[in-house]
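Let me begin by presenting the structure, written as structure tokens, before commenting on it.
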């Protein structure tokens with residue numbers, strides 16, 4: 001088994017016109033989303049100086065995902081997936097554009113930010129579940145790991161470039177005006193998808209068999225997940241990890257402002273540092289064959305990512321914090337790539353919409369809990385306490401994952417059909 005880098009996989013994957021158009025549009029949209037999240041977060045913090053207000057914003061962003069996930073799975077398995085993604089992006093672009101319009105008019109209030117975040121969260125799962133649902137229809141199976149790495153790069157490119165640029169623009173033009181960029185990127189994704197062929201659930205997948213028109217219910221999807229040890233264990237692990245991510249969305253801007261003495265620019269820069277680590281590891285993961293199973297790699301990466309966050313506990317210098325966050329991004333960057341490749345091997349094509357929507361809804365659904373917990377901890381305790389729990393939310397699932405036998409021999413499990 002070769003472990004050398006094979007960067008030609010990226011050339012082969014991006015040479016597929018339909019996937020290339022999807023990926024470019026998805027990347028632009030992710031870039032805009034990264035800017036919007038930073039800009040709205042900073043505007044709420046700058047306006048209120050309240051950890052509770054930041055926690056409420058996190059809740060508004062991620063709470064509606066639970067409802068939206070059920071809707072997203074049904075839409076993706078029932079209608080043309082390309083058209084569903086186009087309508088989703090058009091709606092979100094219009095909603096996001098209302099923030100700079102209200103700001104320029106002098107009418108923007110705090111509750112507007114929460115409403116926009118809630119609408120965004122309600123629709124967010126369509127794109128989040130749409131990616132892994134349509135990718136197997138656009139690329140052959142042998143290129144799935146590389147295509148998944150490219151999808152992860154779409155998120156991380158936005159994480160690297162979006163937050164620092166958002167911080168600079170927020171300082172120069174006002175944070176709400178930054179959202180105009182996101183509205184434009186949504187329009188670009190709609191245009192890019194126009195060049196992608198119809199992606200109906202019954203479409204023949206590249207290199208795979210024809211799929212039936214889906215009659216799978218959300219109950220069937222839940223039963224399928226429950227019967228698969230890999231799907232069940234990785235989902236539970238990532239749910240705990242996302243509690244830590246929700247915590248980080250609260251304590252990181254406060255750490256940047258109060259502990260490190262920076263502003264929006266430093267906050268955006270720290271998020272960019274995380275993204276840079278994710279980009280580096282995602283690029284490598286899409287071009288190399290692992291010497292261990294995906295499951296074992298996931299467990300190890302979680303532990304190392306948690307240790308990196310734990311280094312932040314005593315740090316009060318920008319360089320040390322940035323180094324720890326870069327390592328965190330480096331270790332956690334491939335997590336979605338590895339898990340998603342495993343899931344694509346297991347989940348039948350005709351039920352990918354509902355299963356991926358269910359999985360990502362369950363995982364994203366714990367973000368609000370982390371945000372609320374983070375707001376409470378910062379008020380009654382301290383930022384270091386919130387940082388410590390974030391580290392534990394990575395380390396503990398990673399250690400427990402080593403006790404799941406199927407994660408240590410995932411290739412065997414992935415080849416087994418899990419009946420409905």
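Please verify whether the stretch 344-363 includes one or more residues that are buried (at least 21 other Cβ atoms within 10 Å of the Cβ), at pLDDT 90 or above and either under 25 Å from residue 68 (Cβ atoms) or under 20 Å from the mean Cα position of the chain (by Cα) (or both). No, the stretch 344-363 contains no residue that is buried (at least 21 other Cβ atoms within 10 Å of the Cβ), at pLDDT 90 or above and either under 25 Å from residue 68 (Cβ atoms) or under 20 Å from the mean Cα position of the chain (by Cα) (or both). Residues that are out of contact with any helix residue (DSSP H, G or I) (no Cβ under 6 Å at 6 or more places or on another chain), modelled with pLDDT under 85 and in a helix (DSSP H, G or I) were ranked within the stretch 71-106; the one that is nearest to residue 364 (Cα to Cα) is 71. Only one of the numbered conditions (1) surrounded by fewer than 22 Cβ atoms within 10 Å (Cβ to Cβ); (2) farther than 23 Å from residue 127 by Cβ; (3) modelled with pLDDT under 85 is not met by residue 42, and that is (1).
For the criterion of being within 22 Å of residue 37 (Cα to Cα) and modelled with pLDDT of 85 or more, residue 267 fails.
When the stretch 311-365 is limited to residues that are without any contact (Cβ under 8 Å) to a residue 40 or more places away in the chain and in a helix (DSSP H, G or I), the one that is farthest from residue 244 (Cα to Cα) turns out to be 319. Checked against the criterion of being farther than 26 Å from residue 54 by Cβ and modelled with pLDDT under 85, the candidates 184, 284, 178 yield just one match: 284. Return yes or no: is residue 165 buried (at least 21 other Cβ atoms within 10 Å of the Cβ), modelled with pLDDT of 75 or more and not in a loop (DSSP other than H, G, I, E, B)? Taking the combined requirement at face value, the residue does not satisfy it. Does the stretch 180-188 contain at least one residue that is part of a helix (DSSP H, G or I), more than 20 Å from the chain's Cα centre (by Cα), in contact (Cβ under 8 Å) with a residue 60 or more places away in the chain and farther than 28 Å from residue 329 by Cα? Checking the stretch 180-188: at least one residue is part of a helix (DSSP H, G or I), more than 20 Å from the chain's Cα centre (by Cα), in contact (Cβ under 8 Å) with a residue 60 or more places away in the chain and farther than 28 Å from residue 329 by Cα.
For beta carbons closer than 7 Å, sequence separation of 6+ or different chains, a first residue in the stretch 246-264 that is in a loop (DSSP other than H, G, I, E, B) and a second that is buried (at least 18 other Cβ atoms within 10 Å of the Cβ), the qualifying pairs are 260/266; 260/321; 262/256; 263/257. Only residues that are over 11 Å from the mean Cα position of the chain (by Cα) and surrounded by fewer than 24 Cβ atoms within 10 Å (Cβ to Cβ) were counted in the stretch 147-157, giving 1. Annotation note: Cβ proximity below 9 Å between a residue of the stretch 77-106 that is in contact (Cβ under 8 Å) with a residue 40 or more places away in the chain and on the phi > 0 side of the Ramachandran plot and a residue that is surrounded by 19 or more Cβ atoms within 10 Å (Cβ to Cβ) and assigned to a helix (DSSP H, G or I) (sequence gap 6+ or interchain) occurs for no pair. Being touching a helix residue (DSSP H, G or I) at 6+ places or on another chain (Cβ under 7 Å), modelled with pLDDT under 80 and part of a helix (DSSP H, G or I), is that true of even one residue in the stretch 397-408? The answer is yes; a qualifying residue exists.
Scanning the stretch 210-249 for residues that are in contact with a helix residue (DSSP H, G or I) (Cβ under 8 Å, 6 or more places away or on another chain), farther than 30 Å from residue 387 by Cβ and either modelled with pLDDT under 80 or surrounded by fewer than 17 Cβ atoms within 10 Å (Cβ to Cβ) (or both) yields 211, 212, 213, 214, 216, 217, 218, 220, 221, 222, 226, 229.
The values are calculated or read from the model by the stated rules, or taken from the named source; none is laboratory data. Since this is a predicted model, take the numbers as computed values, not measurements. Note that each Cβ is placed from the backbone with ideal geometry, even for glycine, and that neighbours are counted across all protein chains shown.
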